[in-house]
1. If we only count helices (runs of 4 or more DSSP H) wholly inside segment 6-88, which ones have 2 or more residues that are modelled with pLDDT of 80 or more and in contact with a helix residue (DSSP H, G or I) (Cβ under 6 Å, 6 or more places away or on another chain)?
2. Quick test for you: out of LYS27, LYS63, pick the one residue that is basic (Lys, Arg), out of contact with any Leu (no Cβ under 7 Å at 6 or more places or on another chain) and surrounded by 11 or more Cβ atoms within 10 Å (Cβ to Cβ).
3. Find all pairs meeting these conditions: Cβ atoms under 6 angstrom apart; at least six residues apart or on different chains; first residue within segment 43-64 and within 13 Å of ILE11 (Cβ to Cβ); second residue in a helix (DSSP H, G or I) and at pLDDT 75 or above.
4. List, please: which pairs have Cβ atoms under 8 Å, are six or more places apart or on different chains, and start with a residue in segment 12-38 that is aliphatic (A, V, I, L, M) and end with one that is assigned to a loop (DSSP other than H, G, I, E, B) and modelled with pLDDT under 85?
5. Report yes if some residue within segment 23-42 is at positive phi and among the basic types (Lys, Arg); otherwise report no.
6. Pick from segment 30-57 the residues that are of a type in the set (S, T, N, Q) and under 13 Å from LEU68 (Cβ atoms): which of them is surrounded by the fewest Cβ atoms within 10 Å (Cβ to Cβ)?
Amino acid sequence: MTKKGHENLIIIVDRFSKMCVLIPCKKTITGQEAANLFFSHVWVHFGLPNSVNLDKDSRFLGKVWTCLWEKMDTRLKRSTTFHPQIDE
């Protein structure tokens, strides 16, 4: 536990440069908070990743991606396999 109350680290590794970014965070981080940390610590150096390996569930990853796209002022339109048309 740090003085600021951080008890975990988010570890981001750039596969090309092998550079590692360590971001202190709390144990109970939300998708919105993870997106904010990613945007402020990683986006400025590397931009958006081509792929993501995450040890959280898909709902958490979905929330992170949705928040990141909102921060970039981009609408993320989702579709399903059985209904590929995207309604406005």
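The values are calculated or read from the model by the stated rules, or taken from the named source; none is laboratory data. Just so you know, these numbers come straight off a predicted model, no measurement behind them. Here the Cβ positions follow ideal geometry from the backbone for every residue, glycine too, while neighbour counts run over all protein chains shown.
1. Working: elements: 31-41, 43-46, 58-71.
Qualifying helices (runs of 4 or more DSSP H): 31-41, 58-71.
2. Details: LYS27 fails: surrounded by 11 or more Cβ atoms within 10 Å (Cβ to Cβ).
Checking each option against the conditions leaves just LYS63.
3. What qualifies is LEU54/LEU61.
4. Short answer, once both residue conditions are applied: VAL21/ASP14.
5. Taking segment 23-42 first, the residues at positive phi are none.
No, segment 23-42 contains no residue that is at positive phi and among the basic types (Lys, Arg).
6. Residues of segment 30-57 of a type in the set (S, T, N, Q): 30, 32, 36, 40, 50-51, 53.
When the remaining residues are screened for being under 13 Å from LEU68 (Cβ atoms), the result is 32, 36, 40.
Numbers: GLN32: 13, ASN36: 16, SER40: 11.
Checking each candidate, the answer is SER40.
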